[in-house]
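What follows is one structure encoded as structure tokens, with my remarks underneath.
The values are calculated or read from the model by the stated rules, or taken from the named source; none is laboratory data. Predicted model only: the values in this text are computed from it and were never measured. We place every Cβ from the backbone using ideal geometry, glycine too, and count neighbours over all the protein chains shown. Only protein heavy atoms, including side chains, enter the accessible area calculation; ligands, DNA and RNA are left aside. Shrake-Rupley method; radii C 1.70, N 1.55, O 1.52, S 1.80 Å.
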Amino acid sequence: MDCENMPEILLVEDSKLFGEAVKNKLENEKTDIINLLTKDWPELVTKRLNIDKKFIFYAGFTQKTSDTKEMIKKVNKFKKKYPDKYNKIIDDIETVVKDIEVVLNSGDSSDLIKLLKKNSILLNRLAKESRIEIETTALKKFREIAEKHNGAGKPSGAGGGDSGIAVFKSK
């Protein structure tokens, strides 16, 4: 993949930036690593996946932070005002995410790329319906470049600007 086409995004192939993010969080919250990792994280579900080595994952950072709490407030406002629209999109996203979990464990990379593209379409539908910027210009470019190279890309977390993931089939 030609990384020179991604000037606004910093690609990470190792954990150096992740370490910096954790360091910043530790300093901001005035805590230590044990307290941070053992903290109660409501709604967080973690699962071990047996990911096949057929996949290559990239993380992209736009160097623009996103306010997760603000994003959640905006989504909740949309949910309250248009519950049917919200529930339909979220149900569709949940179905795709469950399918992604199955595919990650099976190693079928062609289905993974298709499902991640479908997830991206659903997130963009949520953004359009709710009028919330989930995929910024930089993240859109990141996704488009991934797709140009037969991969898939999408915002990570709550969206809104700070990071995205791209997945490719290894050669």
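From the list Asn76, Asn50, pick out the single residue that is not small (Gly, Ala, Ser) and not in a helix (DSSP H, G or I). Within the list Asn76, Asn50, the selection yields Asn50. The set of residues in the stretch 128-148 that are assigned to a helix (DSSP H, G or I) and surrounded by fewer than 19 Cβ atoms within 10 Å (Cβ to Cβ) comprises Lys128, Glu129, Thr137, Lys140, Glu144, Glu147, Lys148. In the stretch 149-163, the residues that are over 14 Å from Ile72 (Cβ atoms) reach residues that are of a type in the set (Phe, Trp, Tyr) with C-beta atoms within less than 8 angstrom, at least six apart or across chains, in these pairs: His149/Phe168; Asn150/Phe168; Gly151/Phe168; Gly153/Phe142; Asp162/Phe61; Ser163/Phe61. Out of all the residues in the stretch 72-91, is one or more open to solvent by 80 Å² or more (accessible area, probe 1.4 Å), out of contact with any helix residue (DSSP H, G or I) (no Cβ under 9 Å at 6 or more places or on another chain) and closer than 22 Å to Gly161 by Cβ? Looking for residues that are open to solvent by 80 Å² or more (accessible area, probe 1.4 Å), out of contact with any helix residue (DSSP H, G or I) (no Cβ under 9 Å at 6 or more places or on another chain) and closer than 22 Å to Gly161 by Cβ, one finds at least one in the stretch 72-91, hence yes.
Can Leu122 be described as open to solvent by less than 20 Å² (accessible area, probe 1.4 Å) and either in a helix (DSSP H, G or I) or modelled with pLDDT under 90 (or both)? Explain how you work it out, then say what you get.
Numbers: open to solvent by less than 20 Å² (accessible area, probe 1.4 Å): yes; either in a helix (DSSP H, G or I) or modelled with pLDDT under 90 (or both): yes.
So Leu122 fits the description; yes.
In this entry, Ser110 is excluded by the filter for residues that are within 20 Å of Arg48 (Cα to Cα) and modelled with pLDDT under 90. Restricting attention to the stretch 148-164, does a residue exist that is touching a strand residue (DSSP E or B) at 6+ places or on another chain (Cβ under 9 Å) and charged (D, E, K, R)? Yes; the residues of the stretch 148-164 include at least one that is touching a strand residue (DSSP E or B) at 6+ places or on another chain (Cβ under 9 Å) and charged (D, E, K, R).
Entry remark, the stretch 93-119: residues being open to solvent by less than 50 Å² (accessible area, probe 1.4 Å), under 16 Å from the mean Cα position of the chain (by Cα) and not polar (S, T, N, Q) number 8 in total.
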